[in-house]
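The values are calculated or read from the model by the stated rules, or taken from the named source; none is laboratory data. Quick caveat, the model's predicted, so the values are computed rather than measured. Neighbour counts are summed over all protein chains in view; Cβ atoms, including those assigned to glycine, are modelled from backbone coordinates with ideal geometry.
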């Protein structure tokens with residue numbers, strides 16, 4: 001990324017890279033039932049921003065690596081993200097009929113197939129992380145570390161745990177620390193592991209990995225606060241779902257606890273904290289700085 | 001296992017080993033929401049036979065390894081098996097209220113929590129396979145191979161794919177080759193990978209791994225045929241679910257295509273074929289021989 005580049009161009013180019021890779025990594029799964037492949041592809045290519053894979057590639061470059069080596073991991077992260085959206089949207093969970101302006105997976109394919117499509121994406125993500133033909137320049141011990149970190153971020157103490165806390169907390173008024181813990185697990189853990197694994201794949205040392213952890217935690221929380229603010233103030237056409245939906249469900253959000261002004265201040269502090277972290281890595285970390293700022297600008 | 005040992009004693013002792021290990025491996029997941037842990041434990045300790053982990057340990061020993069080294073992998077296989085049962089029982093899939101004589105996970109914890117408990121078990125299985133403190137005597141490249149094999153067996157071309165074929169085929173009359181393909185994916189792939197991973201962890205060469213593949217494919221199919229026969233002829237108290245349930249759902253089974261007698265003959269041929277495979281490995285493979293025979297005896 002040159003300084004003349006706009007972030008939009010950078011994100012658009014990276015999105016293409018990620019989507020081409022997702023296409024190629026899914027292709028060898030020929031032999032899967034057609035209907036399952038269709039259900040998986042429907043959600044995987046439903047127009048996501050590809051933020052997690054883009055973060056993973058940017059983190060690899062920020063510590064001096066090449067994005068190519070991190071690409072399979074980047075795609076695995078997107079597959080796990082997509083599975084979580086499919087399952088979260090189910091009638092037994094958030095019961096959402098639309099996501100990104102399109103009918104959700106279970107509306108199109110039925111509940112049973114949507115559950116299985118999610119299960120397939122989660123499993124294939126780990127398959128991708130372990131396949132011998134990819135990430136050949138990364139030492140096997142480092143690849144195991146990547147798998148362990150991703151599984152921890154996605155599992156009982158991470159994303160799944162966060163979703164459980166979210167489901168159990170619905171309709172209850174949560175304290176700020178409880179709300180933050182829930183989001184740190186539900187969204188923050190996977191955003192954090194996106195930058196951490198990118199750095200690990202690129203051969204980062206402990207200090208650089210710690211920078212990525214602190215960056216990830218801050219943008220993770222910032223991302224959720226921005227989302228909460230947008231839910232109150234945003235345009236439903238931009239969001240692809242109805243605004244004000246949190247309030248109508250009785251969800252505790254940052255604005256309901258802190259108010260809009262203090263939520264905006266907290267968002268700004270997190271974004272500048274995250275940017276300051278990665279600025280230590282020098283100019284190579286410029287995309288990570290700009291992505292942190294972009295999270296806040298979504299909320300303009 | 002000495003020749004004086006009964007298989008029942010052997011299976012009972014191994015079951016204790018596996019359950020103690022499952023307890024210890026789940027313990028570090030403190031930090032997960034209590035309700036999620038309760039839902040996961042409810043199904044994980046619901047009285048399964050632990051056939052997959054026992055096969056994994058027995059395969060490690062059959063090629064000259066020690067069972068201790070294969071124990072984390074054995075437990076991961078049981079976690080994946082348990083997740084698949086929880087999701088298969090959901091109202092959107094088989095809609096079963098009872099399993100092994102106990103109310104199913106979603107009946108006790110609700111559908112949303114049952115979906116998440118399954119997601120958690122699948123994810124934690126991969127976490128266990130990758131954790132640095134386990135399987136330390138196994139080379140990282142071999143551990144990656146284990147993860148890749150397990151993910152492939154559980155994924156779109158394996159178990160999840162098989163479940164999709166099962167759901168789509170319900171109410172239709174399937175041809176024998178289609179029925180066999182469905183079961184090979186749905187049940188056979190995970191049984192096969194149980195013995196294959198045990199052998200890989202123990203350092204087996206290609207010839208021994210190929211023996212395990214052929215053994216696994218045959219017992220996998222035998223297991224399903226025995227199950228189908230038991231569903232027609234069995235005692236519902238023994239099975240923990242109602243007999244005749246396949247017929248009432250219009251499921252194609254081996255007895256509906258071949259008749260009971262020919263199904264029994266096919267079962268016997270598969271079991272003796274599987275036993276013949278592992279007998280090449282010598283006396284260390286005795287438990288695998290006896291487990292193959294046991295699959296047929298269930299059906300006495």
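Brief remarks follow.
- Among the conditions (1) surrounded by fewer than 17 Cβ atoms within 10 Å (Cβ to Cβ); (2) modelled with pLDDT of 95 or more, residue A:245 misses just one, which is (2).
- Filter result (in contact with a strand residue (DSSP E or B) (Cβ under 9 Å, 6 or more places away or on another chain) and in contact (Cβ under 8 Å) with a residue 60 or more places away in the chain) within the range B:125-159: none
- Candidate set: the range A:24-44, residues that are within 24 Å of the chain's Cα centre (by Cα) and more than 18 Å from residue A:86 (Cα to Cα); chosen: the one farthest from the other protein chains (Cβ to nearest Cβ): A:24
- Against the conditions (1) within 16 Å of residue B:80 (Cα to Cα); (2) within 14 Å of chain A (Cβ to nearest Cβ); (3) part of a helix (DSSP H, G or I), residue B:192 satisfies every one except (2).
- Residues in the range B:250-289 that are farther than 20 Å from residue B:229 by Cα and assigned to a helix (DSSP H, G or I): B:275, B:276, B:277, B:278, B:279, B:283, B:284, B:285, B:286, B:287, B:288, B:289.
- Among (1) within 14 Å of chain A (Cβ to nearest Cβ); (2) more than 20 Å from residue B:49 (Cβ to Cβ); (3) crowded, with 24+ Cβ neighbours inside 10 Å - the single one residue B:153 does not satisfy: (2)
- Scanning the range B:219-228 turns up no residue that is surrounded by fewer than 16 Cβ atoms within 10 Å (Cβ to Cβ), in a helix (DSSP H, G or I) and modelled with pLDDT of 95 or more.
- Candidate set: the range A:107-122, residues that are facing another protein chain (nearest Cβ under 8 Å) and without any contact (Cβ under 8 Å) to a residue 40 or more places away in the chain; chosen: the one surrounded by the fewest Cβ atoms within 10 Å (Cβ to Cβ): A:110
- Residue selected from the range B:273-294 under the condition out of contact with any helix residue (DSSP H, G or I) (no Cβ under 8 Å at 6 or more places or on another chain) and without any contact (Cβ under 8 Å) to a residue 60 or more places away in the chain, by the criterion nearest to residue B:173 (Cα to Cα): B:276
- Failed item in (1) within 7 Å of chain B (Cβ to nearest Cβ); (2) closer than 16 Å to residue B:127 by Cβ; (3) buried (at least 21 other Cβ atoms within 10 Å of the Cβ), with residue A:163 passing the rest: (2)
- Some residue of the range B:123-132 being under 20 Å from residue A:40 (Cβ atoms) and at the interface with chain A (Cβ under 8 Å from one of its Cβ atoms): yes
- Single unsatisfied condition, residue A:297 versus (1) within 29 Å of residue A:202 (Cβ to Cβ); (2) at pLDDT below 95; (3) in contact with a helix residue (DSSP H, G or I) (Cβ under 6 Å, 6 or more places away or on another chain): (3)
- Scanning the range A:30-54 for residues that are crowded, with 18+ Cβ neighbours inside 10 Å, within 24 Å of residue A:216 (Cβ to Cβ) and free of Cβ contacts under 8 Å to residues at least 40 places away in the same chain yields one hit, A:50.
- Whether a residue is within 14 Å of chain A (Cβ to nearest Cβ) and crowded, with 24+ Cβ neighbours inside 10 Å was assessed, and residue B:79 passes this test.
- The set of residues from the range A:55-80 being free of Cβ contacts under 8 Å to residues at least 60 places away in the same chain and closer than 14 Å to residue A:285 by Cβ comprises just one member, A:67.
- Qualifying residue in the range A:177-185 (condition: more than 10 Å from chain B (Cβ to nearest Cβ), within 18 Å of the chain's Cα centre (by Cα) and buried (at least 22 other Cβ atoms within 10 Å of the Cβ)): yes
- Residue in the range B:62-74 that is more than 25 Å from residue A:153 (Cα to Cα), surrounded by fewer than 24 Cβ atoms within 10 Å (Cβ to Cβ), at pLDDT 95 or above and in contact with a strand residue (DSSP E or B) (Cβ under 9 Å, 6 or more places away or on another chain) present: no
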